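These notes concern the structure reproduced below.
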Amino acid sequence: MTTISPFSLPGRFWRGNLHTHSNLSDGALALDDVVGRYKAVGYDFLMMSEHFTHHFNYPIADTRHLRGNDFTTILGAELHAPVTSAGEWWHIVAAGLPLDFEPVKKGETGPQIARRAAEAGAFVGIAHPAWSQLTIEDGRDLSFAHAVEIYNHGCAIECDRGEGFYLLDQLLNEGHRHMTAFATDDAHFKSNDHFGGWVHVKSPSLDPDELLKALKAGHYYSSQGPQFNDIKVEGSDVHVSCSPVDTIAIVCGISRTAQKIGRAITSATLDLTKLEDGWLMEKTSPWFRVVLIDHAGKRAWSNPIWLDKRG
């Protein structure tokens, strides 16, 4: 039996948000107030992702003074440069930027500034693909990014364009094995756009560098509320334990699924051969994700698990 990372790794899970704004860019609240609100409701860390454009004088929020023993911050920003297939500027979450990261250069494209951020040590995520109407061609242009934002709470509640699974799953089907899935708020505190999506990062400590290292390695899962306790694979069986939910499901790169449905389920053993069942199929999927759905419809999502590389 193989325990899937990050559950097999030492350390503990830390809850954090990687996409939020203050009045340093277009948020409603002051920086210290925003950070204080996340700390007050039980988050362990936060990254302020101010809009890194000339409209706001290229801010990277310096939140180091707000770090402590039980709460910390990661420095970063939301990067912008031209131009997506829809003719708009890119939105790129970059966690772990240096404070002296240079503004967008003349003629620099979104993929170019994203690559520059990655080379500077950042965890790079493709932000709200549904809201931005990103195509698979856009995804390919940023296929070196670490992750796709698969849930954006602000976009979900304000215009029903909060999910990005379609882009992640297509990129996985094209073989981009390093891609992971992160959930965020994208809170501006102008509506009920906060505390609705986050990541649980497995790390030996709350040190910002350790959190960043874990994010880039994919040692996390995302949630709106439900919590994973463990995922193990034994042959064709996937053993999942979690907080009480009504659905535990496996999804993959085709339409096949396997699930257990009930009330207040805390464990399930799901059969991977179910993903190979179906008279309309012509191929199978080399990867799968585990999804939890609780009684209120809140969800949690594992990162992709590749069938030939478990652990």
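Read the figures in this text as sums done on the coordinates, not as results from a lab. Predicted model only: the values in this text are computed from it and were never measured. Here Cβ is always computed from backbone atoms with ideal geometry, including for glycine, and neighbour counts include all displayed protein chains.
Pairs of Cα atoms in the range 157-311 fall into 10 Å distance bins, from 0 up to the last occupied one, in shares of 10, 36, 38, 14, 2, 0 percent. Each of D294, D70, D32 was scored by other Cβ atoms within 10 Å of its Cβ. Arranged with the fewest first, they read D70, D32, D294.
Largest first, the three principal axis extents of the alpha carbons in the range 112-174 are 34, 24, 15 Å in whole numbers.
Sorting M281, M48, M1, M179 from the fewest to the most surrounding beta carbons within 10 angstrom yields M1, M281, M179, M48. Footprinting exposure proxy ranking of C155, C242, fewest other C-beta atoms within 10 angstrom first, gives C242, C155.
In this structure the amide hydrogen of A258, modeled in the peptide plane, comes within under 5 Å of the amide hydrogens of I250, none closer than 5 places in sequence on its chain.
Computed from phi, the 3J(HN,Hα) profile of the range 142-155 under the Karplus parametrisation 6.51, -1.76, 1.60 (θ = phi - 60°) reads 10, 5, 7, 4, 6, 7, 10, 6, 8, 8, 10, 5, x, 5 Hz, with x in place of Gly and Pro.
Amide H to amide H distances under 5 Å link D26 with H51, where only residues 5 or more positions off or on other chains count and H is placed in the peptide plane. Derived scalar couplings between HN and Hα for the range 65-80 equal 5, 9, 7, x, 6, 10, 7, 9, 10, 10, 7, x, 6, 9, 8, 9 Hz in order, rounded to whole Hz, by the Karplus curve 6.51 cos²θ - 1.76 cosθ + 1.60 (θ = phi - 60°), x for Gly and Pro. Computed from backbone phi, the HN-Hα couplings of the range 178-195 come to 7, 5, 10, 10, 10, 10, 8, 8, 6, 6, 10, 6, 10, 8, 7, 9, 10, 6 Hz, rounded to whole numbers (Karplus: 6.51 cos²θ - 1.76 cosθ + 1.60, θ = phi - 60°; Gly and Pro given as x). Remark: the range 27-162 is approximated by an ellipsoid whose semi-axes, taken from the C-alpha gyration tensor as √(5λ), come to 25, 18, 14 Å, largest first. For the peptides 258-271, 212-225, the ranking by mean Cβ contacts within 10 Å, running from highest to lowest, is 212-225, 258-271.
The antiparallel fraction among DSSP beta bridges confined to the range 10-223 stands at about 55%. For the chain, the direction-averaged projected area of the alpha-carbon convex hull comes to 15.6 nm². Legend: distances between Cα atoms for K260/K283; K202/K298; K216/K274; K106/K190; pairs beyond 29 Å are K216/K274; K106/K190.
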